[in-house]
Each structure stands twice: as structure tokens, then as C-alpha cells.
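No value in this document is a laboratory result; all are computed from the given coordinates. Everything quoted here is computed from the prediction, not taken from an experiment. Glycine also receives a Cβ, built like all others from the backbone with ideal geometry; neighbour counts cover every protein chain displayed.
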2 protein chains.
Amino acid sequence: MIGLPAIGEERANLIGRLLPFIAHRRLEPGDRLPSERELAERFGVGRGAVREALAVLETLRIVERRPNSGIYLRRVDRQGSIEAIVLQAELGIPLTEAEVREVVELRRILEMQAVRLAAERRQAGDIQRLDEILGRTDGVIAASGNPADEDAAFHLAIVEATGNHVFLRVVNAFYLMSRSRRQAYFADGSRAPLSQRQHRALRDAVAAGDADAAERAMAGHLRGVESYWMELLERRARGD
Amino acid sequence: MIGLPAIGEERANLIGRLLPFIAHRRLEPGDRLPSERELAERFGVGRGAVREALAVLETLRIVERRPNSGIYLRRVDRQGSIEAIVLQAELGIPLTEAEVREVVELRRILEMQAVRLAAERRQAGDIQRLDEILGRTDGVIAASGNPADEDAAFHLAIVEATGNHVFLRVVNAFYLMSRSRRQAYFADGSRAPLSQRQHRALRDAVAAGDADAAERAMAGHLRGVESYWMELLERRARGD
DNA sequence: TTACCGAATTGGTATTACCAATTCGAGGGC
DNA sequence: GCCCTCGAATTGGTAATACCAATTCGGTAA
């Protein structure tokens with residue numbers, strides 16, 4: 001069949017089908033996956049689509065392609081890329097409980113250090129950017145909208161104030177992988193105003209160049225979010 | 001021409017040619033790249049190869065593909081993936097001076113926190129792994145080999161002792177992106193013995209559960225590596 | 001100047017074909 | 001019975017072609 005469109009078939013991202021396939025087969029690191037031709041047939045797509053997905057999975061260090069031999073699974077748990085978790089989250093695959101705890105812990109480490117550096121190095125433009133985001137957030141709250149993306153923008157703007165763009169990339173990954181979770185967090189409209197007050201305290205501490213105060217403000221602010229995540233885990237453990 | 005093999009033509013990784021092409025054109029975020037067909041012709045490859053490369057660049061948030069419209073450059077400097085830097089380094093594209101300084105700073109932040117957590121949480125297996133790597137390194141040094149990979153393995157084993165696999169993934173990215181630099185560092189054979197002594201002090205502090213001592217040991221150890229990187233930058237600034 | 005329509009362009013996808021290296025089993029020699 | 005050898009099948013790498021559907025963009029008409 002040439003060029004026949006899928007007949008009413010929902011054709012999700014191939015990576016989103018490939019990852020559960022790998023997980024479901026309980027493949028061990030080093031195991032060989034089916035050949036490209038077999039995967040193409042099994043998922044009802046062309047070989048080109050399979051190769052595109054495999055190129056991504058190889059870059060994320062999930063698989064290894066050996067020419068004329070096969071596709072092999074790598075030690076995805078410890079050598080995999082951090083972006084692999086971002087991709088999974090974007091595909092709707094939920095993080096494991098361990099991953100959630102680890103993400104929360106590392107996010108705290110990163111942001112505590114970031115806000116200190118930000119307070120020490122902030123430029124006028126950085127504070128201006130923070131104020132702009134705060135104003136935009138006020139508007140979203142007033143319109144009863146969900147300020148999840150503005151929340152992320154504020155935290156990332158603080159990291160940006162460190163002047164370290166690599167730092168920004170790393171923290172950005174964490175915000176990308178928790179986007180849906182953050183949306184759910186702010187779905188409860190009562191949370192946004194408190195968060196906004198804490199953001200303003202953070203802004204003031206950073207603007208004043210008071211690293212200790214900024215760190216304290218960040219610690220208190222993160223506590224709220226973290227407890228939400230931990231509650232989510234408990235709820236999931238009880239079976240929703 | 002069908003199936004004609006390249007005649008003596010060195011056909012490097014397409015991504016390795018695409019990235020300089022983008023940089024050389026001084027494309028701004030939002031700008032459109034040539035179409036897939038044009039890129040394929042320009043680089044002398046098939047459209048499939050171009051699509052494979054673009055799929056990777058899209059995952060790394062370097063470009064965005066809009067169906068039936070075109071390929072657009074994203075804000076690669078701040079929204080790009082951290083893995084994009086890893087990929088660049090693997091392709092032999094040197095880091096910019098700013099990136100080097102930022103990588104050094106963030107690596108210090110991550111490892112200082114990691115070694116504290118490792119000292120607090122290390123299990124028996126973690127110390128065993130550290131000792132194993134230390135022993136292997138002794139062998140490499142005795143054989144006048146380059147212990148660059150053993151050095152990375154040791155630092156990563158410390159991060160692994162935190163029990164945080166997400167932490168491990170992030171730090172792993174930093175070691176992958178500086179692999180060639182680390183090889184050059186240990187090419188001077190006089191550096192390995194000092195490094196090994198410092199590693200042993202780190203191992204002892206972690207094994208003893210002394211977070212403060214471990215942090216001090218890590219701080220001193222990193223100082224040496226960092227000064228090497230900074231000297232490299234100055235040498236490069238003077239034009240090698 | 002504006003609104004509209006149609007042709008060209010573009011990414012998305014499947015199919016086919018060929019190459020070269022690896023794999024693996026059958027057959028033969030020891 | 002065991003091991004070596006050789007050849008066929010398998011596999012990833014790559015190019016070329018064709019078609020679709022949506023976007024773009026130019027020209028034309030109101």
C-alpha cells in the first residue's frame with residue numbers, strides 16, 4: 001500500500017510507543033532489540049520513521065546502534081541522558097517514585113545555589129525581567145488563569161540572573177520535565193497568591209543583593225511545592 | 001545515481017556539519033533553515049539522513065520543525081538542552097570561553113553538594129566501588145597509562161553514592177562533555193599521582209561519613225583541575 | 001488597497017533498492 | 001566428536017522516488 005493514510009488510527013509519536021515497548025519487554029542492558037525492519041512492521045510505520053526515533057534514542061544514550069549488527073539497550077538507569085526524562089515527561093510517561101524524589105532533591109540543590117549566585121551578580125536587566133514576570137503573573141491570577149508557565153519563567157529568570165547559561169539549561173530541563181505537574185499544582189487557585197507573595201520576597205532579596213535572605217526565601221518557597229509532590233506520591237502509592 | 005558509494009569522500013556525521021553551518025550563517029532564533037530537500041542536496045546526502053539529524057536537533061531544542069512550513073532555529077543559547085553541549089563536544093566542536101567558565105562553576109556546585117550527600121548516605125557497596133576504581137587507577141598509573149576515564153569513574157561513583165540517579169545523570173553529562181579535556185589534563189603524567197592521593201582522601205572522608213571533611217577535600221581537589229581549565233582559556237585567548 | 005484563489009513549497013511518511021559488514025549455520029576436514 | 005571454513009542470510013546505513021496534506025505566497029479580481 002503506497003501513500004494510504006492511516007484509517008482512523010491514532011498514530012502517536014513513535015518514541016512514545018517504543019519506550020513502553022522496551023520497558024514492557026524487561027530488556028536488560030546489552031540486550032538486542034528487534035531489527036529496524038521488524039520494528040517498522042510491528043508498529044505499522046516505515047523504516048525511516050523507526051530510524052528517526054532510534055537516532056533520538058541513541059543521542060539520549062538509551063540505545064546503541066551497531067552497524068550491520070543490531071540495536072542494543074544501554075544502561076538507561078544511570079548512564080542515560082537527563083533529557084531522556086524530559087522527553088518521557090513530554091510524552092506523558094509518568095516519572096517513577098524514585099525519580100520524583102530525586103528530581104525534587106536535585107531541584108532544591110540547584111535552586112538554592114542559583115538564588116545565592118543571583119543575589120550576588122544580578123544586573124539591572126535581571127530585576128527588570130523579574131518584575132515583568134511578576135506583573136504578568138498578577139494579570140493571569142486576576143483573570144483566574146493558571147500561572148504555571150509564569151511560575152517557571154520566574155524561577156528560570158532567577159537562574160538567568162546568575163549569568164550562567166549552562167546553569168540555566170540544566171534547571172530548564174527540570175522545569176520542562178515537571179510542566180504538567182506544575183499545571184496541576186496551580187489548578188487549585190488558592191495556591192497562586194501565596195506563591196506570588198513568596199516570589200516577590202525572592203525578587204526583593206535578590207534585588208537587595210542579600211544572598212542569605214534570598215536563600216532563606218527560596219528554602220521556604222520550595223518547601224510548599226515539595227510537600228505537594230510528596231503528597232502526590234503517597235496518593236499514588238495508595239492507588240489514587 | 002542509485003546506490004553509488006561515496007568515492008573517497010570523508011562523510012562525517014551530518015550533525016557535525018549542520019551545527020557549524022547554522023553557526024556560520026549567523027542565524028537568529030526564529031529564522032528558517034533551508035528546506036530538507038535543499039539541505040540534502042547541499043550536503044550531498046539523502047533526505048532521510050537530513051531528517052534523522054533534524055530529529056536529534058529537535059529533541060535537543062536546537063531547531064523546531066513545523067509541518068508543511070519549515071525548520072526554525074530556536075533560542076539555542078538559553079533554552080537549548082544540556083545534552084546539546086555533550087553532543088558538540090563529542091563532535092569535536094570546542095566549547096566557547098563562556099561555556100567553559102560556566103561548566104567549571106556548575107561542576108563545582110554539583111560536586112560539592114554531591115560529596116556531602118555521599119558522605120551522609122554511602123552504603124558499603126559504594127565504598128567498595130570507590131576502592132575498586134582506586135585500585136584500577138593504580139594499575140593504569142603504574143603502566144604509565146592515561147587514567148582520565150578512571151578519574152571520571154571515581155567522581156561519578158561518588159555521585160552514585162548519593163543514591164540519586166538523576167543527580168548521576170546530570171553530573172555524567174558534565175564528564176562526557178569534558179572527556180577530551182580530561183585526557184589532555186592527564187597527558188602530563190605528573191598530575192595523576194597527586195590526583196590519586198586526593199581521591200584517596202575523598203574516599204576516606206566519604207567512608208567515615210564526615211561531610212565537612214569530604215567537602216573540604218573536594219574543594220581542594222577541584223581547585224587544581226579548575227586552574228588548568230582557566231590556564232587553557234588564557235592560552236587560547238593568546239592564540240595558542 | 002484588500003480579499004480571495006490556486007499553484008508551488010514543505011514537512012511527514014511509506015516503499016524500494018543496494019551496499020557492506022556482521023552473523024550464523026551447514027558442511028567438511030581433522 | 002570437535003573445530004575450522006566458507007557462504008548465505010541478516011542487519012544497519014543510505015539514497016531515490018512518490019504521494020499526501022497543510023502552509024505559503026504570488027497574482028488576480030473586487
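Summary of computed values
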{"quantity": "Mean separation of Cα contacts under 8 Å (6+ apart) over length of segment A:14-83, as relative contact order %", "calculated": "34"}
{"quantity": "Peptides B:66-73, A:208-215, A:185-192, A:144-151 ordered by average Cβ neighbours within 10 Å, highest first", "calculated": "A:144-151, A:208-215, A:185-192, B:66-73"}
{"quantity": "Exercise: per-residue mean of other protein chain Cβ atoms within 10 Å, B:78-90", "calculated": "5"}
{"quantity": "Gap separating the Cα centres of segment B:118-166 and segment B:178-235, nearest whole Å", "calculated": "13"}
{"quantity": "Farthest positive-ward along segment B:84-169 dipole, Cα basis, beta-carbon charges - from B:Ile93, B:Asn146, B:Ala124", "calculated": "B:Ala124"}
{"quantity": "Cα-projected label distance for A:Arg47 with B:Gln123, points at 7 Å along beta-carbon direction, nm", "calculated": "4.4"}
{"quantity": "Partner chain coverage, peptide B:57-64 - average Cβ within 10 angstrom", "calculated": "3"}
{"quantity": "For A:67-73, mean number of other protein chain Cβ atoms within 10 Å", "calculated": "0"}
{"quantity": "Kirkwood hydrodynamic radius over Cα pairs of the protein assembly as shown, then Stokes diffusion coefficient at 10 °C and 1.306 mPa s, in µm²/s", "calculated": "65"}
{"quantity": "Top positive-direction residue, dipole computed over the protein assembly as shown with Cβ charges, set B:Leu60, B:Phe21, A:Ala161", "calculated": "B:Phe21"}
{"quantity": "Relative contact order (%) - chain A, alpha-carbon pairs under 8 angstrom, separation at least six", "calculated": "19"}
{"quantity": "Simple label model, 7 Å out from Cα along Cβ direction - A:Phe21 to B:Glu234, nm", "calculated": "5.5"}
{"quantity": "Coarse-grained scattering of segment A:1-153 at q = 0.13, 0.16, 0.20 Å⁻¹, given as base-10 log I(q)/I(0) from a Debye sum over alpha-carbon atoms", "calculated": "-0.82, -0.98, -1.25"}
{"quantity": "log10 of Debye I(q)/I(0), alpha-carbon scatterers only, for segment B:96-237 at 0.13, 0.16, 0.17, 0.21 Å⁻¹", "calculated": "-0.53, -0.81, -0.92, -1.39"}
{"quantity": "B:Leu14, A:Leu60 arranged by Cβ crowding within 10 Å, fewest neighbours leading", "calculated": "B:Leu14, A:Leu60"}
